[in-house]
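Only one structure is covered here, and it is reproduced in the block below.
The values are calculated or read from the model by the stated rules, or taken from the named source; none is laboratory data. Everything quoted here is computed from the prediction, not taken from an experiment. Cβ: placed from backbone, ideal geometry, glycine included. Neighbour counts: every protein chain shown. Heavy atoms of the whole protein, side chains included, go into the accessibility calculation; ligands, DNA and RNA do not. Shrake-Rupley method; radii C 1.70, N 1.55, O 1.52, S 1.80 Å.
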Amino acid sequence: MRPIRPYRWSLTTKRTVAIVVLVLAGILLYLTWFMIPIVATAMVLAYLLMPPVDWLCRRRIHRGLATVSVYLLLLLLIIIVPAVALPALVRSANSIDWHGIVTSLSTGVSAALANYHAIEIAGYTVDLSSVIEPLRQRLEAGPVTDLPAVPELLNSLTGWASRALMSVLGFVGTLLLVLITAFYFTLDAPRISS
């Protein structure tokens with residue numbers, strides 16, 4: 001009986017297989033690119049929460065219960081910190097003199113624009129007065145005080161509110177996905193590392 005020699009691929013076959021694998025890897029990466037930051041964030045969160053979980057495990061608390069406890073504490077912090085900080089931020093924002101800031105900013109921009117009626121580029125002078133003068137006149141007129149009609153205002157507020165709601169829901173969904181993924185990374189850390 002003759003020994004069986006292993007089959008060797010030709011150089012062309014090796015190149016073809018390498019190109020196909022690279023293309024398939026690129027397609028897979030393209031289809032899952034949005035998951036990379038989520039998984040990376042979950043891994044970092046699991047890494048940061050591993051010491052408290054390990055500490056509880058050394059105190060003879062089951063790893064599942066320790067992981068649930070640490071993540072419930074994290075969720076509690078995620079809820080409490082904004083609830084405590086938000087009123088202080090709102091009070092601070094209300095105490096700012098927005099009208100004074102807008103007025104001084106428009107005055108400063110108007111004064112700065114007064115010096116730039118023309119600029120020189122590569123030996124050619126470009127006249128900017130047709131752009132700058134209407135802008136200066138608008139800035140010197142002061143802040144806009146007339147409001148749009150009520151239907152236009154409601155329409156723009158409705159669009160803004162729906163975009164804000166979608167952004168908040170997207171953030172909450174991503175946060176939940178990160179927390180769930182990090183929870184399982186933390187729970188299964190001993191099995192993953194071995």
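Data table
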{"read-out": "Positive-end residue of T107, M43, Q137, charge dipole of the chain with Cβ unit charges", "value": "M43"}
{"read-out": "The chain: relative contact order in percent, alpha carbon pairs under 8 Å with at least 6 residues between", "value": "33 percent"}
{"read-out": "Gyration tensor (alpha-carbon) shape descriptor, the chain, a/c threshold 1.5", "value": "oblate"}
{"read-out": "q = 0.25 Å⁻¹: log10 I(q)/I(0) that the Debye formula gives for segment 48-92, counting C-alpha atoms only", "value": "-0.80"}
{"read-out": "Segments 6-18, 105-117 sorted - mean Cβ within 10 Å per residue, highest first", "value": "105-117, 6-18"}
{"read-out": "Estimated 222 nm signal from helices in the chain, with DSSP H stretches of n ≥ 4 weighted -39500 (n - 2.57), rounded to 500", "value": "-26500 deg cm²/dmol"}
{"read-out": "Charge dipole (debye, nearest 20) of the chain; +1 at Cβ of Lys and Arg, -1 at Cβ of Asp and Glu", "value": "2020 debye"}
{"read-out": "Pairs of Cα atoms farther than 13 Å apart, segment 57-120, %", "value": "78 percent"}
{"read-out": "Local electrostatic count, V53, Cβ distance below 12 Å [Lys/Arg +1, Asp/Glu -1]", "value": "+1"}
{"read-out": "For segment 14-130: accessible area per residue (Å², 1.4 Å)", "value": "77 Å²"}
{"read-out": "Axial C-alpha extent at least 27 Å, average Kyte-Doolittle at least 0.5 - helices from the chain (DSSP)", "value": "11-31, 35-58, 63-94, 150-187"}
{"read-out": "Within the accessible area of the chain (1.4 Å probe), percent carbon and sulfur", "value": "73 percent"}
